[in-house]
Each structure stands twice: as structure tokens, then as C-alpha cells.
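Comments concern the structure below.
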Amino acid sequence: MSLRPVTVLVSASGAPGTAALLRALRENGERDVRLVGTDMSERSVGRHLCDAFHVVPAGSAPGFAEAILEVVAREEVDVLLPQSSFDLQGLADHRDRFDVPVLVSPPEAIQRSNDKAECYALLHRIGVPAPDFRRVRGAAQVDAAARELGYPERPVCFKPVFSSGSRGFRVLDPDVDRAHQLLYERPGAVAMRLEEAVELLPDEGGPDLLVMELARGAERTIDGIADGRRVVLGYPKTREAIRAGLAMYFVTLEATALMEIADRIVAELGIEWFFNIQLVGDHVIEINPRISTVVGQEDLNLRYLGVKRALGEISDEELAVLQGRVRPGRKALRYFDQVEWD
């Protein structure tokens, strides 16, 4: 017998993972799921893929939480599932005002995860490998920090302390071939010389920046559902074929050591619900307390299981039993699609 229909609100429904997430929620094999999308842009693909759609302010705007509360009431939403890092803090700060489950970590966990400098300091403190770093502001401090970390003998990198994905990320490499970038690479190349970065930055002040050791090696992530103390259900995977800052190919892994790292991070930060932890080589470089790209299985629908958990239909103990279903070697290939309308 099928379960009662539910309505799920998916915020930032213009995000690259929207189509796969919505499909997984619809094709759950148990019940009808009505999908409500929200986004700050009318050109969000969620307008075309969801059953209902609403334009709301940006996640960082003062009126964001109030707008989402109105949509939840109007559409009789049962579960709220945020997709974007930019929506998390605004929802976390107001999650007690919602009468429905909001799949977001507590405010402090969001803040500590998003502050890359605080996050790296925390990782060093609990013995999890993370890049050496300096928190700085302005061109002079960037220059000094880069040289402390070994530039120009070795490349380093920097990015804003508060950022998402590859926004603002640049490799500082004295050997970068600018002519090759100009003639053969797409706009937005991430490598530049320190002198070029210093020339563009204000002498003093400006945003907080993280100048750090350049992590090298294969990229891997751990994805899952957490309860604030441990990983309830999750798995590691590779992260490959980067295009426009997004990984396009993934392979699930059997890696106990990575799951142990995820448990330690979840416990230290108090992460709840969906999470994504990214490594380059042996270094943890990103902690995202939100849903990210998930490798689906016909017998393990992680996205939908998070909704069931929010509804109280499956316990953490039952989710933990499902860990044995994770299939190492399962692959996922992302691709671009499009919609047309008049």
C-alpha cells in the first residue's frame, strides 16, 4: 500500500543538481511527491520541473526566511530541503519558526562550516589533514602570506573565507603560461601570478581571504545523512572530470578511513541532515552542510530517505542497516540538458 502524498519544497531550484534531485524524489516507488521550487531567479529550471514555483529573495537577504515561511504555508509543505550554501544560514537562524522539518544544521554548525579559516583551524585541532593557511585582508597581507607558504618556489592558492564551490578560488603559480590561457583556455582560468593578484586587490581591507597550501591529488567526497553526532548513512566517492567548477563523473568507493574522517567532522561541528565533505589528496578542503551530488541506486535512494527520516517514517537505526546496500564501483555521469517553452 502506498504512503500518503507529501509536498517537498526544494530551495535554489536553479542549482545544477536540481533535475536529479527532483527525479529521485518523484521516483521513490512508495508515494506521490508534490514538488515546490523556490529560487531568486525567474529563469530557474525549477519553474519547469516542479509542480509549483515561487520567486523569493536571495538566501542572504533579510526577507528570505519570511518569504519561505509564506510559501510553506501557502503550498502546505511537509518538508523543506535547501540545496544552496547561500540559503543555509538564513534558514538555520529561523528554523524554529517553521512548523515543518527543515533539513538544515544548527546555525553554529553552518557558520563554522562556511568560515573556511575557522573550519581549517578546527580540522587541524582534531587531527584531520587540512591545508596550511593564513587568514588575511588586502594585497600586502596576501603577498606576505603567499611567500610564507612557499611562493614562488611552489604554487599556493587563495579564496574568500566565505564562499561556495570554486567562487573566488585562484591558484597563484609563478610559472603560469598567460599566453596559453589567452589563446587556448576558456575565460575564467583559475591560475595567475601573485603579482597579478596583488595588483587587483585593494592595498588594505577588503574581504577576508584565505591564502593556503595548494592541495594536490585525486578528489574525493563523502556524502550522507548525519544526526549531529555521527554519520547515520553515507558513502565516499571520487570527484572527476571538472567542468566550470562542477564535477561531472563519480565512482563510489569502499574507504573506511574516509568514513571515519566524516564521523569526526560531523561530531565536532554538530552537522545534521545532509552533508558533503570534499578532499583533494589527503586534505579536507570543503565541508558543505547540505545535499550535494548523490550517486543513486535503485535500492538506496538517499535523497528520498532523508525526506522519510524528516517525516519520522524511518529511524536512524533502520538507516544504518541500509549502509550495507552501498555498492562500491557504482558510477554517475552528469550532463547538460535543456527545456523549451513559449
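Bear in mind that the values in this text are calculations on the coordinates, not laboratory data. Because the structure is a prediction, the values reported are computed rather than measured. Cβ sites come from the backbone with ideal geometry, for glycine too, and all protein chains shown count toward neighbours.
For the stretch 93-184, the list of GluC sites (Glu not before Pro) that fall in a loop by DSSP and count at most 14 other C-beta atoms within 10 angstrom reads Glu153. Taking θ as phi - 60° and the Karplus parameters 6.51, -1.76 and 1.60, the scalar couplings of the stretch 67-72 work out to 5, 5, 4, 5, 5, 4 Hz in sequence order, x denoting glycine and proline. For the chain, the relative contact order is 16 percent, taking Cα pairs closer than 8 Å that sit 6 or more residues apart in sequence and dividing their mean separation by the residue count. Annotation: amide H-H contacts under 5 Å for Ser44 (H modelled 1.01 Å from N, sequence separation of 5 or more, or interchain): none. Expressed as an acute angle from 0 to 90° and rounded to the nearest 10, what is the orientation of the C-alpha long axis of helix 116-125 relative to the principal long axis of the chain? Once rounded, one gets 90 degrees. If R0 equals 35 Å, the separation of the Cβ atoms of Ala267 and Phe336 corresponds to a calculated FRET efficiency of about 0.40.
By the Cα gyration tensor, the chain has an equivalent ellipsoid whose semi-axes, rounded to whole angstrom, run 35, 23, 20 from largest to smallest. Extending 7 Å from the Cα toward the beta-carbon at both Ala218 and Asp93 defines two label points whose distance is 4.1 nm.
Normalised by the number of residues in the stretch 132-213, the average gap of Cα pairs under 8 Å and 6 or more apart makes the relative contact order 51 percent. In the stretch 1-101, what GluC sites (Glu not before Pro) fall in a loop by DSSP, with at most 15 other Cβ atoms inside 10 Å? Answer by residue number: Glu27, Glu30, Glu42, Glu76. The helix-based estimate of mean residue ellipticity at 222 nm for the chain, built from -39,500 (n - 2.57) per DSSP H run of four or more residues and divided by its residue count, is -8500 deg cm²/dmol to the nearest 500. Calculated FRET efficiency, Glu204 to Arg26, Cβ-Cβ distance, R0 = 41 Å: about 0.20 to the nearest 0.05. Note on Glu260 and Ala121: with the Förster distance fixed at 25 Å, the Cβ-Cβ geometry gives a FRET efficiency of about 0.75. Relative to the dominant Cα principal axis of the chain, helix 256-269 is inclined by about 90°. Most simply put, the chain has about 75% antiparallel DSSP beta bridges, counting only bridges with both residues inside it. Relative to the longest principal axis of the Cα atoms of the chain, the long axis of helix 139-148 makes an angle of roughly 80 degrees.
Other residues lying with their Cβ under 13 Å from the Cβ of Gly138 contribute a combined charge of -2, Lys and Arg counting +1, Asp and Glu -1. Think of the chain as a dipole: +1 on every Lys or Arg Cβ, -1 on every Asp or Glu Cβ, centred on the Cα centre; then among Val128, Thr256, Val198, Thr256 lies furthest on the positive end. Note on Lys308: lysines with a C-alpha under 25 Å away, same-chain residues under 8 apart excluded, are Lys237, Lys331.
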